[in-house]
Each structure stands twice: as structure tokens, then as C-alpha cells.
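J.: Handing you this structure, nothing more for now.
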Amino acid sequence: MALCNKTMLFSLFFTFFSLSTQRQQNDTLSLSFPLISVSLRPNTSSTALNPSLVSQARRNPRLRTPQYNYKTTFTYSVALIVRLPIGTPPQTQEMVLDTGSQLSWIQCHNKAPRKPPPTASFDPSLSSSFSVLPCNHPICKPRVPDFTLPTSCDQNRLCHYSYFYADGTLAEGNLVREKLSFSRSLVTPPLALGCSQDSSESKGILGMNTGRLSFASQAKILKFSYCVPTRLTRRGALPTGSFYLGNNPNSGGFRYVDLLTFPQSQRMPNFDPLAYTVAMQGIRIGGKRLNIPPSVFRPDASGAGQTMIDSGSEFTYLVEEAYNKVREEIVRLVGPKLKKGYVYGGVSDMCFDGNAMEIGRLVGDMVFEFGKGVEIVVEKNRILAEVGGGVRCIGVGRSDRLGAASSIIGNFHQQNHWVEFDLANRRVGFGKADCSRSV
């Protein structure tokens, strides 16, 4: 399993389930999207934004909320990799910034001399603020309303979790508490996270969805933002983007779309109540607005049709009706240039092995339209993604081929845009930028 090449699939029992595929001759896949858990009982936390971040402070004015004004950078290939200071004293850890996941976890190894751990792993024995969670801790119980995790008691009566991946790999460890020390004056309280000891990965996950046990919720972060750079860079160097916790000095130029909310009593088995769900209105290609009703991008009575913003997904995935309309237009514009019989990852059949600049010129810009006139503009020179072997694909796949019933806007289509998650005001902001520069 590769964290940068992961697919989150729906599951009845798992908080998230990941599918990873290895690069093969003509079938590669790099994506992720958040779990939609099918509840066996009424979901008591089915709003689009968990209100715990805001409501606690409102109910108790004396409750101190940390004031975050922290800026760092991340590297970008197919995922956003941040480096955060964890523990006391801090140890720098690499984590995938994922707005589609709740649980944050890191790699933990005691640095025993006989078996050197990965160099980026966290050594709990070196941190004075590290503690483990026992089996009787409430988080370890199997049915916390918005956090269903396969847990068990290990031989030391500690809370043990495990993730089984479709390629046969396993990530498991103990649930623990640890601080993040951004500076001497800015330190989080102890946060619940996973301490993985049996994963082949060197990077962890920074879960940033709206669930009450995400990093954003536990640390009481009311606003965060990132700017995804383009992949066009010199060979051997990964582009670098910016990541803010708290206020972003660039936000004056952002345009915002409201997060969708739903009654707590409304059960929707295909809906993820913890995702950043927005109302997409339509798609334009080359200046032409496709004939897709806005209702296609909104959840129906079962929750199918939800549109979410997900930094942990590389590409964008559309429900069947929307994908078919996009493909019809691509075929109309550049049909003879499509690579015959080629399907990328089993989800996208809009791929080419011809001149990328020419194809981009013929297709034109791709625009995702949201409410209040908010748009994500994907310029024609960035509509194709290289997937190996000289093949480039439109960065859009079929979500139904993954067993998903949602549309997902991935990080490939967030390049050269600020994306701000304003949790206090229940909205997401977008602003065009040159994210490869220091911003």
C-alpha cells in the first residue's frame, strides 16, 4: 500500500479502507476518497460539519480556544506531504494532508539498535508528553457515533487498531495521545492519534475532515488553507506549496461557497456527514456549459450525488451521469486522438499518447462551477495528467466504478488555487494563485 496511491472505499465496519494499485503497463491508479459508513442505527451526527469546533466556545465563553497563526510548507507529487513537529521535544513527522479522513496517525518505532526503524519514524521513548490509551477508554469502544474503528485489547490492555488494505498490507498500532509543538507558545493539548508500528509506509495521515476526532476538531482549529502548486518542475525536484493553520493573509481575494448541512435526523446511507460537501452547479469545457442538471451534484434521499472537496484524492471523480457528459464532449473535441482500448485504473477512458499541448489547445479550459459564482478554473495546459509510459489522461474518473456514489474534487484540479476551509463560518474559499511561489 502506498499512501500517495490510495483509494478509500466504502465499508460497513472500517473508518476507512484503502485500495492501492501498483503501476503496471497501462493500468495505474492514484486516488483516495473518504469512507461513507453505512450505519445500522440512526446517525446522531449527520450534519455536514461537526459543530463541536464552534459550539463549545459559544456555550462556554471562558473556554480558551488556541489562536493558530502557523504557516508551513508541503511537497506535492500525487499527495500533499506536510512535516509537523510532534512530541516533547518535537520530532518532525511527514504526514499526508487529507481532508477526507478523520483519524491522524504516525509511524512509531523505538530505535532499537538491532533493527533500525525508518528514519522518519517517531520514537515515543524520546517524548515526555506521549501516552497510550487503555482498552477501557471511550474512544476504544467500537461505536463512538462518528468514529467507527476496528479496535481490540492487546496483551498489555492497550487500545489496538488495525487497517487492512486491499493489496494485503496491514497498518496497525495503538491509539495514543500526543502534543504538537508548533512553537514555545503554540502547543496543542494531547490529541488522540494512531501510532502505527506495522505499516510499510514511512508517512502518516493528517486527518482534517469535520469529525470530532480529526486533527482540526481536536486542536480546535477554526480555519486552515493550502495552495497546491503545479507539477511542472525540473526533474528530480518536487514542487512546494503553502499550508496555513489559522488566518491566511491572502484570504481577502478568496470567494466562498457554503458547506451543505442536513438535519441530524436525516439518514442517508450513501452520504458522508464528515466530508466538506458543497453544491456544485455544473461543468464547462472550452467555454461550453455541459447539459448536466445541478441536481446531479447534490445528495438525493440516499445521499448519492454528494460533491466533496478532498485533498487526499489525486484526481476528480464524477457520478455516472456527469462523467458521461464530460466524456461526450471530449470525444466531440478530440475523439480521434483518444488512446483506443486504454482505461486508466479501470475508471477513466479519456487518455492520450499524442501531443499534450495540441490536445489541451483543442479541448480548452475546464471549469467546475459552484454556488455564488465560485469557480475552479483548470487551464487548458493543465487538463492532462501524466500517468506513465508517455500516456496522459484527463484527470477525471468514474466514481461508480469504485463503488462510490459521490463526486470528489481532487487535488489535481486544485492546482494553483488557494483552498480555505473556514470551519467557524461553515464555508470553503477558493482563490487563484501561483502556488509555486512563496505565498
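J.: Take the conditions under 26 Å from GLY241 (Cβ atoms), open to solvent by 10 Å² or more (accessible area, probe 1.4 Å) and among the hydroxyl-bearing types (Ser, Thr, Tyr) and apply them to SER407. Does it pass?
T.: no
J.: Anything in the stretch 109-132 that is hydrophobic (A, V, I, L, M, F, W, C) and either open to solvent by 10 Å² or more (accessible area, probe 1.4 Å) or modelled with pLDDT under 90 (or both)? List them, or say none.
T.: ALA112, ALA120, LEU126, PHE130, VAL132
J.: Something else now. If you check every pair at least six apart or on different chains, which have Cβ atoms under 8 Å apart with a residue in the stretch 97-115 that is more than 29 Å from ALA216 (Cβ to Cβ) first and a residue that is modelled with pLDDT under 85 and surrounded by fewer than 24 Cβ atoms within 10 Å (Cβ to Cβ) second?
T.: From the stretch 97-115, the pairs are ASN110/PRO117; LYS111/PRO117.
J.: Condition first: open to solvent by 40 Å² or more (accessible area, probe 1.4 Å) and touching a Phe, Trp or Tyr at 6+ places or on another chain (Cβ under 7 Å). Now tell me which residues in the stretch 422-439 satisfy that.
T.: ARG427
J.: Determine, yes or no, whether VAL82 is open to solvent by less than 40 Å² (accessible area, probe 1.4 Å) and either modelled with pLDDT of 90 or more or more than 23 Å from VAL228 (Cβ to Cβ) (or both).
T.: So VAL82 passes the test.
J.: Do the conditions hold for VAL331, that is, is it more than 24 Å from GLN414 (Cβ to Cβ) and open to solvent by 10 Å² or more (accessible area, probe 1.4 Å)?
T.: yes
J.: Let me ask something else about it. Of all residues being in contact (Cβ under 8 Å) with a residue 24 or more places away in the chain and not in a loop (DSSP other than H, G, I, E, B) in the stretch 344-361, which is nearest to ALA405 (Cα to Cα)? Just the residue, please.
T.: Step by step, filter the stretch 344-361, then rank; the result is SER348.
J.: Kindly indicate which of TYR244, TYR226, TYR276, TYR256 is open to solvent by 10 Å² or more (accessible area, probe 1.4 Å), under 18 Å from the mean Cα position of the chain (by Cα) and among the aromatic types (Phe, Trp, Tyr).
T.: TYR244 is the lone residue from the list that is open to solvent by 10 Å² or more (accessible area, probe 1.4 Å), under 18 Å from the mean Cα position of the chain (by Cα) and among the aromatic types (Phe, Trp, Tyr).
J.: Can you name every residue in the stretch 291-311 that is open to solvent by 10 Å² or more (accessible area, probe 1.4 Å) and not hydroxyl-bearing (Ser, Thr, Tyr)?
T.: Residues satisfying the conditions are ASN291, PRO293, PRO294, VAL296, ARG298, PRO299, ASP300, ALA301, ALA304.
J.: Tell me the residue from THR261, THR316 that is of a type in the set (Ser, Thr, Tyr), closer than 25 Å to SER101 by Cα and under 19 Å from the mean Cα position of the chain (by Cα), please.
T.: Testing whether each residue is of a type in the set (Ser, Thr, Tyr), closer than 25 Å to SER101 by Cα and under 19 Å from the mean Cα position of the chain (by Cα) leaves just THR316.
J.: Confirm whether ARG427 is among the basic types (Lys, Arg), over 23 Å from ASN291 (Cβ atoms) and within 20 Å of the chain's Cα centre (by Cα).
T.: yes
J.: Same structure, new question: What are the residue pairs meeting all of these: first residue in the stretch 399-427, first residue modelled with pLDDT of 95 or more and among the hydroxyl-bearing types (Ser, Thr, Tyr), second residue open to solvent by 10 Å² or more (accessible area, probe 1.4 Å) and not in a helix (DSSP H, G or I), Cβ atoms under 8 Å, and 6 or more apart or on different chains?
T.: Partner pairs satisfying both residue conditions: SER407/VAL319.
J.: So which strands (runs of 3 or more DSSP E) stay within the stretch 189-228 end to end and still have 3 or more residues that are of a type in the set (A, V, I, L, M, F, W, C)?
T.: Result: 191-196.
J.: Would you check which residues across the stretch 273-297 are in contact with a strand residue (DSSP E or B) (Cβ under 7 Å, 6 or more places away or on another chain) and under 29 Å from PHE224 (Cα atoms) and list them?
T.: Hits for the stretch 273-297 are ALA275, TYR276, THR277, VAL278, ALA279, MET280, GLN281, GLY282, ILE283, ARG284, PRO294, PHE297.
J.: On to the next question. Could you tell me which of the residues GLY335, GLY305, GLY341, GLY312 is assigned to a loop (DSSP other than H, G, I, E, B) and without any contact (Cβ under 8 Å) to a residue 24 or more places away in the chain?
T.: It is GLY341.
J.: So VAL419 fits all but one of (1) surrounded by fewer than 22 Cβ atoms within 10 Å (Cβ to Cβ); (2) out of contact with any Ser or Thr (no Cβ under 6 Å at 6 or more places or on another chain); what number is the exception?
T.: (1)
J.: If I ask for residues that are closer than 30 Å to LEU260 by Cα and open to solvent by 40 Å² or more (accessible area, probe 1.4 Å), which ones from the stretch 347-379 would you list?
T.: ASP365, LYS372, GLY373, GLU375, GLU379
J.: Residue under question is ARG398, and the condition is that it be within 19 Å of LEU338 (Cβ to Cβ), among the basic types (Lys, Arg) and open to solvent by 10 Å² or more (accessible area, probe 1.4 Å); does it hold?
T.: Criteria met by ARG398.
The values are calculated or read from the model by the stated rules, or taken from the named source; none is laboratory data. Treat the numbers as computed from the prediction; the structure is a model and nothing was measured. Cβ coordinates were reconstructed from backbone atoms using ideal geometry, including for glycine residues, and neighbour counts include every protein chain displayed. Keep in mind that these areas ignore ligands, DNA and RNA; they rest on the heavy atoms of the full protein, side chains included. Shrake-Rupley method; radii C 1.70, N 1.55, O 1.52, S 1.80 Å.
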